[in-house]
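In what follows, a single structure is set out as structure tokens and then discussed.
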Amino acid sequence: MSMNLYSRGDKIFAMATAVLVGMFTVATLYPFIYIAAVSFSSGFAATAGRVVLTPIDATMAAYGHVLADPAFWRSYLNTFIYTIGGTLMSLIIIIPGAYALSRPQLLGRRWLNLFVAFTMWFNAGLIPFFLNMRDLGLLDSYFGIIIGFAVNAFNVILLRNFFEAIPRSFEEAARMDGANEFQVLWKVYMPLSKPAIATITLFCIVSRWNGFFWAMVLLQSEDKIPLQVFLRHTISKLSDDQEFTTTLLDQPYSVETVTAAIIVCSIIPVLIVYPFIQRYFEKGILLGGVKE
């Protein structure tokens, strides 16, 4: 006689969990589906609020308008420059910094870790930061955006904790073979820390790709703005165009459809990169979580 391993309460809990996860999944996916549907709809249908789940009066006019604009491709290239350059710069600084903070023999280690954690809750503020960037000559420059936001304290602490969790026996074996600090980091800690490094890389990529506020504040040249700032400029330009807004019925696209088309184009690279990093993501978060 088979035994029922699950009680009625367990079955109810499993069903409730499945329903909640399903609702969460729908709530997460719907904005993407909606934006895609708007981008393929006619301008009048999108402005009238007729789009809910699928495109209305399907057309590629919004994409045609966006892709024909040289400024779009220039801003797209700028976003790649800021994302790739910024991510590499972040990793170059964060990995050695986290390794140093994980060393028990580091002089003043407790205070240095405290100073790093302190910046997670307190900072100088917007105006002092802007003045600092101005005085360093980093306004309206690619390098200013790349270096000015290279380090995030959370990422440093995440990777530091991962390094601290690696058994010291690996390091001791490398030391017996004559490895120095750089070789220990490069040949022992970094290969063993792929999940945490991949997680931090994903954080940096998403943060850089979605960078908007400081790029808008620090960059004045139109040929240096990233995609997110270009999106804002496009919305403002179309919204302020009285001739465009008054002849909406004759237009195959609208502010809403053009905005949606730019958003769809902007998330494609992240969607392509994420599956390659996702397998490391959960493990990196769990093993590198902040410890007491």
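The values are calculated or read from the model by the stated rules, or taken from the named source; none is laboratory data. From a predicted model like this one, the values you see are computed outputs, not experimental measurements. In this analysis, Cβ positions are derived from the backbone assuming ideal geometry, glycine residues included, and neighbour counts consider all displayed protein chains.
Summed over region 103-121, residues that are surrounded by fewer than 14 Cβ atoms within 10 Å (Cβ to Cβ) and in a helix (DSSP H, G or I) total 5.
Restricting attention to region 200-248, the residues that are β-branched (Val, Ile, Thr), part of a helix (DSSP H, G or I), farther than 18 Å from Tyr76 by Cα and modelled with pLDDT under 85 add up to 2.
Among residues of region 256-272 that are surrounded by fewer than 18 Cβ atoms within 10 Å (Cβ to Cβ), those with a beta-carbon under 7 Å from a residue that is among the aromatic types (Phe, Trp, Tyr) at least six positions away or on a different chain give the pairs Val270/Trp209. The residues of region 164-215 include none that are on the phi > 0 side of the Ramachandran plot and in contact (Cβ under 8 Å) with a residue 24 or more places away in the chain.
Yes/no per residue for (1) in contact with a Pro (Cβ under 6 Å, 6 or more places away or on another chain); (2) at pLDDT 85 or above; (3) not in a loop (DSSP other than H, G, I, E, B):
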| site | (1), (2), (3) |
| --- | --- |
| Phe44 | no, no, yes |
| Arg50 | no, no, no |
| Leu53 | no, no, no |
| Ala71 | no, yes, yes |
| Gly85 | no, yes, yes |
| Ser90 | no, yes, yes |
| Ile94 | no, yes, yes |
| Ala98 | no, yes, yes |
| Leu101 | no, yes, yes |
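Residue by residue, here is whether (1) surrounded by 15 or more Cβ atoms within 10 Å (Cβ to Cβ); (2) not in a helix (DSSP H, G or I) holds:
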position	(1), (2)
Asn123	no, yes
Ile147	yes, no
Ala179	yes, yes
Leu185	yes, no
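Ala36 meets the stated requirement of being among the small types (Gly, Ala, Ser), assigned to a helix (DSSP H, G or I) and within 30 Å of Tyr253 (Cα to Cα). Pairs are defined by a Cβ separation below 6 Å, a sequence spacing of at least 6 or placement on different chains, a first member in region 81-94 that is of a type in the set (Ser, Thr, Tyr), and a second member that is outside any helix (DSSP H, G or I); the pairs so defined are Tyr82/Pro226; Ser90/Ala150. The set of residues in region 154-173 that are crowded, with 18+ Cβ neighbours inside 10 Å and of a type in the set (A, V, I, L, M) comprises Val156, Ile157, Leu158, Leu159. Only one entry in Ala18, Ala62, Ala14, Ala48 is surrounded by 13 or more Cβ atoms within 10 Å (Cβ to Cβ) and farther than 14 Å from Ala260 by Cβ, namely Ala48. With respect to Phe130, determine if the residue is surrounded by 11 or more Cβ atoms within 10 Å (Cβ to Cβ) and touching a residue at least 40 places away in the same chain (Cβ under 8 Å). Criteria met by Phe130.
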